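Asks: This is the structure, below, for whatever I ask next.
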Amino acid sequence: QVQLVESGGGLVQPGGSLRLSCVVRGRISSYYDMAWYRQAPGKQRDLVAQINRDGITNYADLVKGRFSISRDNMKNAVYLQMNSLKPEDTAVYYCNARISPMWPWGQGTHVTVSS
């Protein structure tokens, strides 16, 4: 059974940086296109960034130029480097494969951007 374990969130001031990690257990992540999503309080879960099996990336307009997604297939992990963080980036961040149906969601990692 697949399990997604996200980590790296926390409280950061505006303009700061965080690096999120997602470890995939029970599947070989290199076989899949992967993505990061986020869900702010009271809002739907939105796609933030994605990376395909060849390492090609794509980003939501709101984070383009500030966030960078990467993967380490040896560690079965996906990362999200977040720079120049803004208060509107505050959300719970999740990773998942770009498949349908998706794997069961992990617990996510909370990111709070506040002074």
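The values are calculated or read from the model by the stated rules, or taken from the named source; none is laboratory data. Computed from a predicted model, the values in this text were never measured in an experiment. Don't worry about glycine lacking a Cβ; one is built from the backbone with ideal geometry, like all the others, and counts go over all protein chains shown. With ligands, DNA and RNA removed, areas are computed over all heavy atoms of the protein, side chains included. Shrake-Rupley method; radii C 1.70, N 1.55, O 1.52, S 1.80 Å.
Asks: Which one of the conditions (1) surrounded by fewer than 16 Cβ atoms within 10 Å (Cβ to Cβ); (2) at pLDDT below 95 does Ser29 fail to meet, given that it meets all the rest?
Replies: (1)
Asks: Tell me which residues, restricted to region 85-108, are polar (S, T, N, Q) and either open to solvent by 60 Å² or more (accessible area, probe 1.4 Å) or more than 17 Å from Gly16 (Cα to Cα) (or both).
Replies: Within region 85-108, Asn96, Ser100, Gln107 meet the criteria.
Asks: Would you mind stating whether Val24 is farther than 28 Å from Gln1 by Cβ and open to solvent by less than 30 Å² (accessible area, probe 1.4 Å)?
Replies: For Val24, the condition - farther than 28 Å from Gln1 by Cβ and open to solvent by less than 30 Å² (accessible area, probe 1.4 Å) - is not met.
Asks: Would region 78-88 turn up any residue that is of a type in the set (Gly, Ala, Ser) and part of a strand (DSSP E or B)?
Replies: Checking region 78-88: not a single residue is of a type in the set (Gly, Ala, Ser) and part of a strand (DSSP E or B).
Asks: Where in region 5-73 are there strands (runs of 3 or more DSSP E), lying fully within it, with 2 or more residues that are farther than 12 Å from Cys95 by Cα and out of contact with any Cys (no Cβ under 8 Å at 6 or more places or on another chain)?
Replies: Ranges flagged: 10-12, 18-25, 57-59, 67-72.
Asks: Among all residue pairs at least 6 apart or on different chains, which show Cβ distances below 7 Å where the first residue, located in region 9-20, is surrounded by 13 or more Cβ atoms within 10 Å (Cβ to Cβ) and the second is among the hydroxyl-bearing types (Ser, Thr, Tyr)?
Replies: Gly9/Tyr93; Gly9/Thr109; Pro14/Ser115; Arg19/Tyr79; Leu20/Tyr79; Leu20/Tyr93; Leu20/Thr109
Asks: Considering each of Asp72, Asp61 in turn, give the residue that is open to solvent by 50 Å² or more (accessible area, probe 1.4 Å) and out of contact with any helix residue (DSSP H, G or I) (no Cβ under 7 Å at 6 or more places or on another chain).
Replies: Answer to the selection: Asp61.
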